[in-house]
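The structure under discussion appears below in the form of structure tokens.
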Amino acid sequence: MAQQSEQPTQQNIPVDTPFPDDPDPESSRVTIPLKIEDWLSVLIMAVLALITFANVIVRYMTHSSFAWTEEISVFLLIVLTMTASSSAFVRRQHIRIEFIADGGAPARKRRLAIIANTVVLLFFILLTILSARMVYDDFTWGDTSPAIGVPNWWYSIWMPVLATAISLRVVGILRRLLRSGT
């Protein structure tokens with residue numbers, strides 16, 4: 001029986017380390033479990049499936065659909081995108097050019113990871129600030145949603161909250177990268 005090589009692959013890299021070449025992956029594990037984002041994503045997908053299924057059944061039987069399903073679905077898709085993005089950054093599954101990001105010496109990869117995560121952090125801090133301003137405007141002007149008529153800030157309040165959560169995850173990644181000191 002042939003033995004398999006012990007070359008690191010994407011499958012055996014710990015999912016909660018920010019940098020696979022970390023000399024001490026145990027010290028770079030996340031402290032707040034990723035299960036929070038994972039379970040939120042699962043629950044949101046389940047609710048989306050139920051809403052869509054209910055709308056299909058109603059449309060088939062009555063030839064009209066629920067007006068609120070699209071509004072709720074769009075909101076849930078935004079929340080799903082943000083929660084999945086949070087865990088994708090920690091698991092290094094975000095969009096990047098792997099040929100550049102994963103090539104070269106470990107020190108070069110670490111520098112690129114620090115630069116990339118710093119840019120991501122700045123983006124999400126800016127998104128937090130701008131979306132908080134949008135929530136303030138929605139609240140101040142009393143805008144309501146078109147289908148249900150609830151205040152728009154009920155939906156928009158989650159953007160700065162989730163952008164802050166992603167910012168905190170990226171801060172954790174940067175801390176672990178800077179602490180690894182390869």
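The values are calculated or read from the model by the stated rules, or taken from the named source; none is laboratory data. Because the structure is a prediction, the values reported are computed rather than measured. Cβ sites come from the backbone with ideal geometry, for glycine too, and all protein chains shown count toward neighbours.
Yes or no: region 110-121 includes at least one residue that is at pLDDT below 90 and either touching a Gly at 6+ places or on another chain (Cβ under 9 Å) or among the acidic types (Asp, Glu) (or both).
Checking region 110-121: at least one residue is at pLDDT below 90 and either touching a Gly at 6+ places or on another chain (Cβ under 9 Å) or among the acidic types (Asp, Glu) (or both).
Is there any pair linking a residue in region 112-131 that is in contact (Cβ under 8 Å) with a residue 60 or more places away in the chain and surrounded by 15 or more Cβ atoms within 10 Å (Cβ to Cβ) to one that is of a type in the set (S, T, N, Q) and in a helix (DSSP H, G or I), with Cβ under 8 Å and at least six apart or on different chains, and which?
none
Scan region 148-182 residue by residue and report those that are among the basic types (Lys, Arg) and at pLDDT below 90.
Of everything in region 148-182, those that are among the basic types (Lys, Arg) and at pLDDT below 90 turn out to be 176, 179.
Would you please list the contacts, defined by Cβ atoms under 7 Å and residues six or more apart or on different chains, that run from a residue in region 161-182 that is among the basic types (Lys, Arg) to a residue that is outside any helix (DSSP H, G or I)?
That search, which allows pairs on different chains as well, returns 176/18.
Hey, could you check region 156-182 for residues that are part of a helix (DSSP H, G or I) and touching a Lys or Arg at 6+ places or on another chain (Cβ under 8 Å) and say which is farthest from residue 123 (Cα to Cα)?
Of everything passing the filter in region 156-182, 180 is farthest from residue 123 (Cα to Cα).
Does residue 52 satisfy being over 23 Å from residue 169 (Cβ atoms), at pLDDT 90 or above and either surrounded by fewer than 17 Cβ atoms within 10 Å (Cβ to Cβ) or among the aromatic types (Phe, Trp, Tyr) (or both)?
Yes, satisfied.
Working carefully through the options 70, 98, find the one that is out of contact with any helix residue (DSSP H, G or I) (no Cβ under 6 Å at 6 or more places or on another chain), in contact (Cβ under 8 Å) with a residue 40 or more places away in the chain and not small (Gly, Ala, Ser).
70
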